[in-house]
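The values are calculated or read from the model by the stated rules, or taken from the named source; none is laboratory data. These numbers were taken from a predicted model, which means no experiment stands behind them. Positions of Cβ are backbone-derived with ideal geometry, glycine not excepted, and every protein chain shown enters the neighbour counts. Note: areas computed on protein heavy atoms with side chains; ligands, DNA, RNA excluded. Shrake-Rupley method; radii C 1.70, N 1.55, O 1.52, S 1.80 Å.
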Amino acid sequence: MIATLFLQLLFSAFVLSFLKNKPKITQGISFLSLLLNVIFCGILLTQYFSDGYTWQTKWVNFIAFRIGIALQKIELLMLALVALIAFAVTIFSHAYMRGEKNFHLYFTYLVLFVFAMQMLIVADNFLQTYVFWELVGFCSYLLISFWREKSEAVRASRKAFLVNRIGDTGFLIGIFLIFNQFHTLSFGEISALLTQKNFSAELLTLAGICIFLGAMAKSAQFPLHVWLSDAMQAPTPISALLHAATMVAAGVFLVVKIFFLLTPTTLQFIQIVGLISMLLGAYKAIFQSNIKKLLAYSTISQLGLMFVAVGAGSPQAGFFHLLTHAFFKAGLFLCAGVILYHSHHFAQKVPLDSENMYLLGGLRKKLTWLFVFYTICMLSLLGFPFTAGFLSKEMILTTLWHNTDSFFGKIAFSFTLIGFGLTAFYMALQYRSLFFGKFHLQTFYPNFSFRFEKPNFSFVFPLILLAAGSLWIGFSLNPFAVQNVWLVEILGNIQESSVSFLPLVTFGVTFLGFGVGFQKSWAWQVQKQLFAQKIFAWQIQIYRLGRGFGKRVFIAVVAFYRGLQNSLHIAYGVIWLAQKLHKIEKIWDKFLDNLAKTQVVLAHIIHWADKNLIDGFLHFLLWIGRTFGNFARNLQGREIQGYWFFSFVCILVLLAWILFRTRI
């Protein structure tokens with residue numbers, strides 16, 4: 001049954017070899033391949049979920065390296081998730097990528113990507129994980145640069161590849177440290193040794209941080225987040241797969257899997273990086289006009305939230321949010337894909353920026369079915385009641401609330417709430433700009449008829465599947481009871497009891513952020529003078545009515561209201577801060593580029609040394625052996641008389657030497 005995971009590899013080889021110009025057959029085989037993958041992963045889930053499955057065999061005997069497969073609850077759930085999301089993306093791609101000249105390559109890369117991710121999941125040791133970790137990065141390079149005729153796509157793929165090499169270098173150093181300490185790379189053996197012996201906490205901390213560097217790069221966490229927004233040059237279905245259940249999810253999955261190895265210092269480092277990434281991603285999403293880039297920064301923010309949960313000591317909460325995030329984020333990307341599918345066709349006839357969400361609008365009436373799916377997935381991202389996102393976010397907040405006895409715990413809880421508000425704010429901006437108001441393209445081009453296609457199976461079925469996974473019913477019968485989530489009961493109950501007022505706090509912050517983001521008059525549309533006149537008139541009335549303490553209270557309320565309404569100043573400050581952060585990010589990008597160039601220079605130096613010194617020395621030894629061999633060979637003639645004469649001379653010399661020694 002485990003061998004069925006290799007069907008994806010077999011399919012990739014078959015398509016590359018025989019189906020180059022046969023898109024219909026490629027489409028059918030890719031559908032069948034990933035459908036079988038879903039079925040087999042479902043069978044594995046039901047067969048091994050209770051007892052698990054482990055298989056190992058020796059690979060390199062003299063250093064005790066083994067290869068193996070470990071199927072515990074977390075691996076089985078992740079396998080099923082990857083299979084399900086990949087299946088939905090494949091169906092969506094059949095319509096979205098129709099007519100592409102490299103149709104067969106697209107599905108070959110996609111299926112190979114799924115194979116690499118699933119083999120990474122089931123690996124039972126660090127070395128095997130690292131091999132498929134690199135294969136996942138290579139497949140992402142191929143998929144991001146799929147449209148090679150676009151220079152932006154090629155640059156984005158190179159940037160993603162090089163930035164991930166930085167994190168992977170740290171990951172490799174961490175593996176060396178682990179092997180030096182434990183003399184094994186097996187997850188199970190390391191876990192057993194940790195319970196039997198005391199190891200250096202400093203070394204474990206260093207190893208954990210180094211391994212987390214790899215997760216930071218894969219999951220696009222600060223400061224290695226710079227590649228993810230550029231990776232939106234990939235086809236939209238690939239963006240959905242990357243952001244939902246494969247590449248960026250691999251970092252969170254790895255940290256959850258090796259949680260037993262992480263020291264308190266490492267966990268705090270993970271939580272700090274997660275907090276920064278969560279707030280930075282949400283903040284940068286506010287200023288995006290590109291539909292996919294806004295969702296990309298949202299992914300950075302949500303992955304940061306998962307790391308915050310893991311750093312707080314609850315890998316169950318982080319993994320639970322990983323599962324729910326896969327459904328609603330893949331759904332949002334595929335909804336964006338439907339919009340871009342139409343806008344790209346419009347852009348072929350009229351000049352427009354097809355991915356600028358502020359140029360659209362009014363799609364609620366033109367794509368009503370899409371509006372419903374987008375709303376469900378968006379509400380799940382925001383953590384509204386009756387969604388899966390509500391359950392996973394409440395579990396994270398519950399964990400953080402019970403850690404507020406420390407100063408850092410209070411900061412983490414407060415910043416997480418701020419992150420919830422920012423998430424609601426930028427999603428409200430996109431929601432309003434896409435689906436409400438007027439259809440701006442018709443205003444810009446009144447003589448052009450913009451026609452939207454009717455929904456087809458390839459678009460609707462994946463969105464139905466993902467929208468259903470975004471609701472609470474797939475994870476708990478009670479939409480408000482976090483403790484009753486079946487995933488928590490399986491992976492281990494969280495120790496903290498639920499807090500009754502936290503859902504109200506979360507809903508209040510989210511509703512406030514969404515309401516401010518959705519309102520028609522926001523900072524960029526406010527007329528400063530009008531607000532100033534109104535505030536001044538209200539101030540006069542309050543000064544007349546208020547006395548003593550009441551007067552001060554009224555003044556404070558008015559000052560708060562004035563600061564909220566007269567938000568043009570806030571907007572200027574935010575824009576100024578955004579410019580400064582943009583400069584800092586450019587400096588960081590330049591530093592990463594220079595670091596990558598340094599790696600290339602070092603690679604050339606190493607190549608020269610290998611070619612001229614090491615290979616040259618070996619060639620010199622071969623030359624010596626060849627020269628002496630030729631000399632010895634030339635001493636021997638081809639005639640029998642020469643052999644006799646040579647033998648006779650040798651005998652004479654030997655006898656002379658013996659006689660000479662005898663006389664002495």
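Out of curiosity, is PHE435 under 23 Å from SER298 (Cα atoms), in contact (Cβ under 8 Å) with a residue 60 or more places away in the chain, open to solvent by 70 Å² or more (accessible area, probe 1.4 Å) and touching a helix residue (DSSP H, G or I) at 6+ places or on another chain (Cβ under 7 Å)? No, not satisfied. Put simply, of GLY251, GLY281 the only residue that is in a helix (DSSP H, G or I), more than 16 Å from PHE212 (Cβ to Cβ) and not polar (S, T, N, Q) is GLY281.
Here LEU120 fits the description: modelled with pLDDT of 90 or more and not β-branched (Val, Ile, Thr). The condition of being assigned to a loop (DSSP other than H, G, I, E, B) and at pLDDT below 90 holds for only one of ARG451, ARG364, that being ARG451.
Against the conditions (1) crowded, with 18+ Cβ neighbours inside 10 Å; (2) over 18 Å from LEU294 (Cβ atoms), VAL372 satisfies every one except (1). Got at least one residue in segment 111-126 being of a type outside the set (Lys, Arg), touching a residue at least 12 places away in the same chain (Cβ under 8 Å) and surrounded by fewer than 18 Cβ atoms within 10 Å (Cβ to Cβ)? Scanning segment 111-126, I find no residue that is of a type outside the set (Lys, Arg), touching a residue at least 12 places away in the same chain (Cβ under 8 Å) and surrounded by fewer than 18 Cβ atoms within 10 Å (Cβ to Cβ), so the answer is no.
Here are ALA215, ALA192: which of them is out of contact with any helix residue (DSSP H, G or I) (no Cβ under 8 Å at 6 or more places or on another chain) and of a type in the set (A, V, I, L, M, F, W, C)?
ALA192
Assess whether GLY361 counts as being over 26 Å from the mean Cα position of the chain (by Cα), on the phi > 0 side of the Ramachandran plot and among the small types (Gly, Ala, Ser). The answer is yes for GLY361. Looking only at residues that are open to solvent by 10 Å² or more (accessible area, probe 1.4 Å) and among the aromatic types (Phe, Trp, Tyr) in segment 297-331, which one is nearest to GLU75 (Cα to Cα)? Here the residue is PHE327.
Condition first: closer than 13 Å to LEU242 by Cα and in contact with a Phe, Trp or Tyr (Cβ under 6 Å, 6 or more places away or on another chain). Now tell me which residues in segment 112-139 satisfy that. Hits for segment 112-139 are ALA116, CYS139.
Annotation note: of THR368, THR387, the sole residue that is free of Cβ contacts under 8 Å to residues at least 12 places away in the same chain and closer than 27 Å to ILE473 by Cα is THR368. Scan segment 222-272 for residues that are modelled with pLDDT of 90 or more and over 21 Å from GLU75 (Cα atoms) and the total you get is 10. The residue of segment 467-484 that is nearest to the chain's Cα centre (by Cα), among those that are at pLDDT below 75 and surrounded by 15 or more Cβ atoms within 10 Å (Cβ to Cβ), is VAL482. Is there a residue in segment 375-390 that is of a type in the set (Gly, Ala, Ser) and surrounded by fewer than 24 Cβ atoms within 10 Å (Cβ to Cβ)? The answer is no, given that none of the residues of segment 375-390 is of a type in the set (Gly, Ala, Ser) and surrounded by fewer than 24 Cβ atoms within 10 Å (Cβ to Cβ). For segment 190-231, taking the residues that are among the charged types (D, E, K, R) and crowded, with 18+ Cβ neighbours inside 10 Å, the one that is nearest to ILE291 (Cα to Cα) is identified as ASP230. Look at (1) over 18 Å from LEU332 (Cα atoms); (2) among the hydrophobic types (A, V, I, L, M, F, W, C); (3) open to solvent by less than 50 Å² (accessible area, probe 1.4 Å); (4) touching a residue at least 24 places away in the same chain (Cβ under 8 Å) and you find that PHE415 fails only one, number (3).
Of all residues in segment 93-144, exactly one satisfies the criterion of being over 17 Å from the mean Cα position of the chain (by Cα), in a helix (DSSP H, G or I), closer than 21 Å to PHE212 by Cβ and not hydrophobic (A, V, I, L, M, F, W, C), namely GLN128.
Within segment 179-189, the residues that satisfy the criterion of being surrounded by 15 or more Cβ atoms within 10 Å (Cβ to Cβ), part of a helix (DSSP H, G or I) and out of contact with any Ser or Thr (no Cβ under 9 Å at 6 or more places or on another chain) are PHE179, PHE182, GLU189. Taken together, the residues in segment 309-359 that are farther than 30 Å from GLY274 by Cβ, assigned to a helix (DSSP H, G or I) and among the β-branched types (Val, Ile, Thr) amount to 2.
Quick check, is PHE420 open to solvent by less than 60 Å² (accessible area, probe 1.4 Å) and either at pLDDT below 90 or outside any helix (DSSP H, G or I) (or both)? First the steps, then the outcome.
Numbers: open to solvent by less than 60 Å² (accessible area, probe 1.4 Å): yes; either at pLDDT below 90 or outside any helix (DSSP H, G or I) (or both): no.
It is false that PHE420 is open to solvent by less than 60 Å² (accessible area, probe 1.4 Å) and either at pLDDT below 90 or outside any helix (DSSP H, G or I) (or both).
Put simply, of PHE413, PHE425, PHE439 the only residue that is farther than 24 Å from PHE501 by Cα and aromatic (Phe, Trp, Tyr) is PHE439. All of (1) outside any helix (DSSP H, G or I); (2) open to solvent by 40 Å² or more (accessible area, probe 1.4 Å); (3) hydrophobic (A, V, I, L, M, F, W, C) hold for PHE176 with one exception: (1). Taking (1) more than 22 Å from PHE49 (Cβ to Cβ); (2) more than 21 Å from the chain's Cα centre (by Cα) in turn, ILE69 satisfies each apart from (1).
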